[in-house]
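The values are calculated or read from the model by the stated rules, or taken from the named source; none is laboratory data. In this text, all values refer to a predicted model and were calculated from it rather than measured experimentally. Here the Cβ positions follow ideal geometry from the backbone for every residue, glycine too, while neighbour counts run over all protein chains shown.
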Amino acid sequence: MPHVEKVEGAGFCLGVRRAIEMVERALEEGKVYTLGPVVHNPRVVEELERKGVRVVRDVGEAKDGTLIIPSHGAGPRVYEEKRVKIIDATCPFVMRTKRMAKKLADQGFFVIIFGDSEHTEVKGIIEWIEGKGKAMERTPKEKLPRRIGILSQTTKPLKEFYAFVDEILSSSLGELLEVRIINTICRATRERQEKSLKLAQKSDLMIVIGGKNSANTKNLANLCREIGVETYHIERASEIEPSWIKDKEFIGITAGTSTPEEEVEEVYMKIKNIGEGV
């Protein structure tokens, strides 16, 4: 039977827990909408929908009641909505990144956000800087403005952010007049990555639990794979295949910061039960 170990502290981070609690409190007062999923985890979204929460893609779909801005934040236009009550559940780390980006833009810097341009968090930040910057994951080939500020999507691995900054400085420093670099990676994300890598280094198999649309969960899975450990990214315990467990001596379990603790426990018990029968 393999040894099975969960990463220390697996489950919701404070920002996710805060957002969910804000939604549940709002439900006590009446109809609740969230602008997109409040967090990137299907189980959480499904449970909130069963309680009456409706996910909308545009502010105009919320006709009355309360509209929750999700943990990934939103652009400034949403805050101007008057037809419904607005509750801001943006993660404090994401809010800090938005403020830093806007401050740099207001000071005349071209803001570079190291991140996925299609991610909700990054799209919101881009809206706040009003076109005075760009999101990217690779060093741009085009010539950069002479004053730039560099930030990161909050869920990116720290080493990737360092490498990105190093590439820009190596290729463009001679042409730049001023550079501001701000580490905006979430502390909880960074700690989860560090603990997960430590566990992966002694594991034969890593199971990473979280939404397939969760950036921080995908990054966890990629980090584990990069060190050569067999890794599977799943959303639910039902996805686990007994063949994964066969001949494994040490199995590690980690989870994205929007994964509920009960999901982690279900995966742990499923692996233990399979292991007893292998």
For the stretch 166-183, how many residues are touching a strand residue (DSSP E or B) at 6+ places or on another chain (Cβ under 6 Å) and within 20 Å of Lys102 (Cβ to Cβ)?
5
What number goes with the only condition from (1) within 30 Å of Val264 (Cβ to Cβ); (2) basic (Lys, Arg); (3) surrounded by fewer than 19 Cβ atoms within 10 Å (Cβ to Cβ); (4) in contact (Cβ under 8 Å) with a residue 60 or more places away in the chain that Arg190 does not pass?
(4)
Hey, any hits in the stretch 76-90 for a residue that's modelled with pLDDT of 95 or more, in contact with a Cys (Cβ under 8 Å, 6 or more places away or on another chain), assigned to a loop (DSSP other than H, G, I, E, B) and buried (at least 16 other Cβ atoms within 10 Å of the Cβ)?
no
Might you let me know whether the stretch 97-109 holds any residue that is more than 27 Å from Phe12 (Cβ to Cβ) and at pLDDT below 95?
no
Under the condition of being surrounded by fewer than 16 Cβ atoms within 10 Å (Cβ to Cβ) and charged (D, E, K, R), which residue from the stretch 24-46 is nearest to Glu262 (Cα to Cα)?
Glu46
Return yes or no: is Ser203 under 25 Å from Val264 (Cα atoms), in contact (Cβ under 8 Å) with a residue 24 or more places away in the chain and either crowded, with 22+ Cβ neighbours inside 10 Å or in the same structural domain as Asn41 (by TED's automatic domain parsing) (or both)?
yes
Consider the stretch 168-210. How many of its residues are charged (D, E, K, R) and part of a strand (DSSP E or B)?
2
Lys156 passes all but one of the listed conditions (1) farther than 21 Å from Gly133 by Cβ; (2) at pLDDT 95 or above; the exception is number (1)
Expected output for the stretch 130-151 (first residue in the same structural domain as Ile113 (by TED's automatic domain parsing) and part of a loop (DSSP other than H, G, I, E, B), partner of a type in the set (Asp, Glu) and surrounded by 13 or more Cβ atoms within 10 Å (Cβ to Cβ), Cβ below 6 Å, 6+ apart or cross-chain) is Thr139/Glu167
Identify, please: which residue in the stretch 228-255 is under 14 Å from Glu5 (Cβ atoms) and assigned to a strand (DSSP E or B) and is, among those, nearest to the chain's Cα centre (by Cα)?
Ala255
Specify which of the listed residues (Glu49, Glu21) is free of Cβ contacts under 8 Å to residues at least 60 places away in the same chain, touching a strand residue (DSSP E or B) at 6+ places or on another chain (Cβ under 9 Å), surrounded by fewer than 22 Cβ atoms within 10 Å (Cβ to Cβ) and assigned to a helix (DSSP H, G or I).
Glu49
Restrict the check to the stretch 163-184 and report whether at least one residue is in contact (Cβ under 8 Å) with a residue 40 or more places away in the chain, loosely packed, with under 13 Cβ neighbours inside 10 Å and of a type outside the set (S, T, N, Q).
yes
Taking the condition of being free of Cβ contacts under 8 Å to residues at least 60 places away in the same chain and either farther than 28 Å from Gly277 by Cα or touching an Asp or Glu at 6+ places or on another chain (Cβ under 7 Å) (or both), how many residues in the stretch 231-252 meet it?
1
